[in-house]
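Everything below concerns the one structure shown next.
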Amino acid sequence: MLQFEESFFKEEIREGFCVKSMMKRVWAAQMEVLKRFDEVCRKNHIRYFVDWGTLLGAVRHKGFIPWDDDIDIMMMRQDYEKFCRVGMSQMPEGYDIANVREYDDYENAIVRIINNRIISCEPERLREYHGCPYVVGIDIDIMDYKSRDSQEDKLQLDLLNIVIQSVGAVKGYEEGNFSLEELKAFLAQVEGLCNYKFDYDKSLQQQLRVLGDYICMLYTDDDADEVQGPVYRIHHRPNYYMPKEWFSDTIYMPFENVMEVPVPVGYDPFLKLKYGDNYMIPMGKTTSHGYPFYSYQEKILAEFLKKNHMSGEAFDIDLEQYEVDKEG
């Protein structure tokens, strides 16, 4: 278990941004999840690197970006597949992995490992996760290989784009916008292009997402000089590919004076690709994806506390702002 000074959990102004006490506990809980993930990866010789805001935070802040609320990592496809085969079963009891293969309603291309599926105020859980009652985890971005053949590269992206559009077609059918016959005619083209057969008795959206996942895996280390994020390239980052050499070795950097995190040896050009040449200069103290991510969980917890005549003080919750569902 990671050791924190009690002062770490106090509300703090960092670079002009107020980090609440509960956010500090959420940070600590996420680092605890990362520590356990790291132990399993080291044991099984599985590589990973911190990514996105966590990478930028490690390099620029030696910890979390003050206005960030999650932990991002990246894995090469072969390391991720190995973790799924042998690593996930070695994670602590109650841990779960959310991806398109395990859940038919999971829509995110980013995989998530979580420490539980329910909020808990049990003393042991609170002790284990530094007073954080919420479900927390880490996000995994999977990196695939870009064919060195330009025609193969284009074909892969075209196929993946068709599959992504097909998910939209299935949603349209489910919303009643067109008939099953029309949907089958559309998906027959996908079956022909991908040599795939859909099972209409099972979730079509999940089958398409899994098919898209396999299309991302078309090329291997031997086929490529570069790695890529194919979905990013389709949606909004056409240049999101980079030399394999950037990830050929690992550097460990301090994180919140509590642990060290693995950073790719080519972190500087990688961060420039992501955030621009001036990535070391904070451009604005803005949050994203509904900061804090646990706001919905806080509502559920507040309702539970009120119904059971408990205080919200331990969780930095002002119970007065929440209504109790009298039918619950």
_Loop-resident sites, region 138-194, for chymotrypsin sites (Phe, Trp or Tyr not before Pro), counting at most 15 other Cβ within 10 Å (DSSP)_ = F178
_Per-residue ³J(HN,Hα) for region 3-8, Karplus 6.51 cos²θ - 1.76 cosθ + 1.60, θ = phi - 60°, Hz, x for Gly and Pro_ = 10, 10, 5, 4, 5, 4
*Per residue, what accessible area does the chain have, given a 1.4 Å probe and all protein chains present, in Å²?*
51 Å²
_For D51, what residues show an amide H to amide H distance below 5 Å, using hydrogens built from the backbone and excluding near sequence neighbours?_
D72, I73, M74
*Tell me which residues come under 5 Å, amide H to amide H, from Y219 once H is placed; ignore anything under 5 positions away on its chain.*
Y145
*For an R0 of 41 angstrom, estimate the FRET efficiency from the Cβ-Cβ distance between D221 and D318 and round to the nearest 0.05.*
0.20
*Evaluate the Kirkwood expression for the hydrodynamic radius of region 101-153, namely the inverse of the mean inverse distance over all pairs of different C-alpha atoms, and round to one decimal in Å.*
14.3 Å
*For region 231-304, with only Lys/Arg (+1) and Asp/Glu (-1) charged at the beta-carbon, what is the dipole magnitude about the Cα centre, in debye rounded to 20?*
380 debye
*Looking at the chain, what % of the alpha carbon pairs are farther apart than 34 Å?*
33 percent
_Qualifying trypsin sites (Lys or Arg not before Pro) in region 102-146, DSSP loop, other Cβ atoms within 10 Å at most 11_ = R117
*Taking a quarter of the surface of the convex hull around the Cα atoms of region 154-210, what do you get in nm²?*
3.7 nm²
*asked:* Pick from I13, I113, I138 the residue whose mean-square fluctuation is largest in a GNM of the chain, springs joining Cα atoms under 10 Å.
replied: I13
*Could you tell me which of I13, V40, A29 has its Cα farthest along the dipole of region 1-48 towards the positive end, charges placed at Cβ (Lys, Arg +1; Asp, Glu -1), taken about the Cα centre?*
V40
*Taking a threshold of 27 Å on the Cα-Cα distance, which of the pairs K10/K285; K24/K62; K10/K272 fall above it?*
K10/K272
*asked:* Can you compute log10 of I(q)/I(0) for region 173-297 with the Debye formula, treating each Cα as one identical point scatterer, at q = 0.11, 0.16, 0.20, 0.21 Å⁻¹?
replied: -0.70, -1.07, -1.24, -1.28
*Kirkwood hydrodynamic radius of region 1-121 from all distinct Cα pairs, in Å?*
15.8 Å
_I'd like the carbon and sulfur percentage of the solvent accessible area for the chain, probe radius 1.4 Å, heavy atoms only, ligands and nucleic acids excluded._
49 percent
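The values are calculated or read from the model by the stated rules, or taken from the named source; none is laboratory data. These numbers come from a predicted model, not from an experiment. Counting neighbours? That spans all protein chains shown, and the Cβs are built from the backbone with ideal geometry, glycine included. Heavy atoms of the whole protein, side chains included, go into the accessibility calculation; ligands, DNA and RNA do not. Shrake-Rupley method; radii C 1.70, N 1.55, O 1.52, S 1.80 Å.
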